[in-house]
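A.B. asks: My questions will all concern the structure given below.
The values are calculated or read from the model by the stated rules, or taken from the named source; none is laboratory data. The shown structure was predicted, so the numbers you read here are calculated from the model rather than taken from an experiment. Virtual Cβ from ideal backbone geometry, glycine too; neighbours counted across all protein chains shown.
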Amino acid sequence: MAKGRVSARQQRILEFIRDFLVEHHYPPTVRDIQTGCEVSSTSVVDYNLKILHREGYLKRYAGVSRGIELTDGWSGIPGPEILRVPVLGSIAAGDPLPTFASDIPTDDDYENVEIPPSLTNGRSDVYALRVKGTSMIDALVADGDLVLLEPVGQPENGDMVAAWLLNDEEVTLKRFYLYGDTVRLQPENETMAPIDLPADQVAVRGRVIGVFRTL
């Protein structure tokens, strides 16, 4: 698709994004662009990014602070490497969460989502689950979002985790707190009560390292 014409400000924004990628190896935030290009507000930056997206100069990932990718071939500078992360299912009651002893599978049996590597802090053994429900809405995790998780068995108190409830055979997304022999799974929704269970009835399958909004 042929690219449209851009204004001097939009050209400056493109050049800033390119230079930022070369220096840092990950995309800038809207705030970075505002400061670097001396733009009056983040809303003005967002307006110009929408035009650049529409005209084919870049791609944007909704709900991601560094979700900007230059399209291949612009000024000879390709966009940043994109990581394909498998979506293993939904994190909801009654939907078992697969567990893996080593590598996360990436075959065609799973949907994959493409994200900037900066969202995983350089980790490659990351997988995603689609959120169903609003138990973590106050942590800005909404119904339909994808949570990015790293495999972990021993989380720290306060971590947001995918917890497998052994007796119920259900998986839930909550904050993890261990008090002696009891685990408290704390929602981030003031209308919902925490879940307290014996520690031997809870198995943590992953720790959330990022949230990706696809809508």
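A.B. asks: Of (1) modelled with pLDDT under 80; (2) in a strand (DSSP E or B); (3) closer than 26 Å to THR134 by Cβ, ARG84 satisfies all except one. Which?
C.D. replies: Answer for ARG84: the failing condition is (3).
A.B. asks: Could you tell me which numbered condition GLY56 fails, if it satisfies all but one of (1) surrounded by 18 or more Cβ atoms within 10 Å (Cβ to Cβ); (2) at pLDDT 80 or above?
C.D. replies: GLY56 satisfies all of (1) surrounded by 18 or more Cβ atoms within 10 Å (Cβ to Cβ); (2) at pLDDT 80 or above except (1).
A.B. asks: How about the stretch 160-183: which of its residues are in contact with a helix residue (DSSP H, G or I) (Cβ under 6 Å, 6 or more places away or on another chain) and modelled with pLDDT under 90?
C.D. replies: LEU166, ASN167
A.B. asks: Which one is surrounded by the fewest Cβ atoms within 10 Å (Cβ to Cβ) among residues in the stretch 27-48 that are assigned to a helix (DSSP H, G or I) and either at positive phi or under 20 Å from the mean Cα position of the chain (by Cα) (or both)?
C.D. replies: For the stretch 27-48, the residue satisfying everything is ARG31.
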